[in-house]
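A.B. asks: Take this structure first; my questions come after.
The values are calculated or read from the model by the stated rules, or taken from the named source; none is laboratory data. Values in this document were obtained by computation on a predicted structure and should not be read as measured data. All Cβ positions, even for glycine, are placed from backbone atoms using ideal geometry, and neighbour counts span all protein chains on display.
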Amino acid sequence: MIKQVQVSAPGKLMLFGEHAVLYGRPCIVTAVGQRMKATVTLTDEPIFELNAPDVAVVHYQKLMHELGRGEIPKGAKFVEMAVYNFYNNYKSYIKESGIQVTTTSDFSSQFGFGSSSAATVCVIKALSQLTGSKLSNKAIFDLSYLTVLDIQGKGSGFDVAAAVYGGTLYFVIGGKVIKPLNLPYLPLIVGYSGIKADTVDLINQVSRKAAKFPKVIDDIYTSIGELVLQAKKAILKQDWETLGELMYLNQGYLSALGVSSGKLESMIHAAREAGAYGAKLSGAGGGDCMIALAPSKSKNGVEEAINKAGGQTIDVKTNVPGVRIEK
């Protein structure tokens, strides 16, 4: 049996369907080229050890039978719970081994690219390989999604799906639908607002608004869901102009939900004025990233406009492969 494996998984960018995806409507997400890497080793002593220098976790240790108990450092939660869930579900494969995990990331967690979900997927994929349990992608998704829910309490799982499957996906909450949208490329520009958003806080804000105006907010979710269906068709046709129009419409709904911000709006408006087909925030909102779709002739101008508006354009490949064994 092999004793060590290195696995990598991509981050994600939400293209369409933020917030509404939590209430049963579809979304579209793409995997990005910034990857999380995990080196996972089976050891002889029944001890779990994590080294994750990117999140200031070094030589964090626990006995295997104490996983999931007591205080867990913020930077260790997803990896520890991933190991705990795998250990509980596939203990016969691990037997009396210990597990050592070292993670490194191509991207900063501040960008909101889904680093926690990518790390979770990496660990479960690695343990699947090391133990010979050979889980399917859907089984890896299910166990990773369970881990995210254990920690966050809420979440649709689209970031987990992007990490597992890669590419660009049409997705419905909990993996009820995970449909790859096969396309050669996406002409996206990504701008970072410089503000780190709190996803759970934003979800709760929208939830409170829905409790006050249930019919209004539900109608917005339904409209976003219909818009996602149109976006799916436009992506498959590579009809970028229509896709851009739909991005602006989706942004309007997100503004109505109260999850946009002055900074994001300035960056989106700047992209529009510079000739983008479309632009919108990406993710929970409040900060993190916006995305713009632009013809090649306008790309440099759109990037410059986003930067002048106070954003920071980031070189991001999209539509990249999902979780994979590196060595």
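A.B. asks: When residues of segment 181-239 are filtered for being without any contact (Cβ under 8 Å) to a residue 40 or more places away in the chain, surrounded by 13 or more Cβ atoms within 10 Å (Cβ to Cβ) and assigned to a loop (DSSP other than H, G, I, E, B), how many remain?
C.D. replies: Residues that pass the stated criteria total 1.
Yes/no matrix, rows are residues, columns are (1) more than 19 Å from residue 318 (Cα to Cα); (2) assigned by TED's automatic domain parsing to the domain that holds residue 259:
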site	(1), (2)
117	no, no
133	yes, no
141	yes, no
176	yes, no
194	yes, yes
211	yes, yes
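A.B. asks: What pairs come up if the first residue lies in segment 274-300 and is closer than 11 Å to residue 191 by Cα and assigned by TED's automatic domain parsing to the domain that holds residue 238, the second is in a loop (DSSP other than H, G, I, E, B) and of a type in the set (A, V, I, L, M), and their beta carbons are under 6 Å apart, counting only those six or more places apart or on different chains?
C.D. replies: 287/195; 287/197; 288/197; 292/276
A.B. asks: Given the structure, is residue 177 surrounded by fewer than 17 Cβ atoms within 10 Å (Cβ to Cβ), at pLDDT 95 or above and under 17 Å from the mean Cα position of the chain (by Cα)?
C.D. replies: Taking the combined requirement at face value, the residue satisfies it.
A.B. asks: Any chance you could count how many residues in segment 289-315 are surrounded by 23 or more Cβ atoms within 10 Å (Cβ to Cβ) and in a loop (DSSP other than H, G, I, E, B)?
C.D. replies: Summing the residues that are surrounded by 23 or more Cβ atoms within 10 Å (Cβ to Cβ) and in a loop (DSSP other than H, G, I, E, B) in segment 289-315 gives 2.
A.B. asks: Kindly provide the set of residues from segment 283-306 that are of a type in the set (S, T, N, Q) and out of contact with any Gly (no Cβ under 8 Å at 6 or more places or on another chain), ordered by number.
C.D. replies: 296, 300
Conditions tested, residue by residue: (1) of a type in the set (S, T, N, Q); (2) farther than 11 Å from residue 323 by Cβ.
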site	(1), (2)
123	no, no
126	no, no
132	no, yes
146	no, yes
168	yes, yes
172	no, yes
179	no, yes
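A.B. asks: Now for a different question. State yes or no: is residue 257 touching a residue at least 12 places away in the same chain (Cβ under 8 Å), touching a strand residue (DSSP E or B) at 6+ places or on another chain (Cβ under 7 Å), hydrophobic (A, V, I, L, M, F, W, C) and assigned by TED's automatic domain parsing to the domain that holds residue 192?
C.D. replies: When the stated conditions are applied, residue 257 does not pass them.
A.B. asks: Right, something else. So residue 31 clears everything in (1) in contact (Cβ under 8 Å) with a residue 60 or more places away in the chain; (2) part of a helix (DSSP H, G or I); (3) of a type in the set (A, V, I, L, M, F, W, C) except one condition, right? Which one?
C.D. replies: (2)
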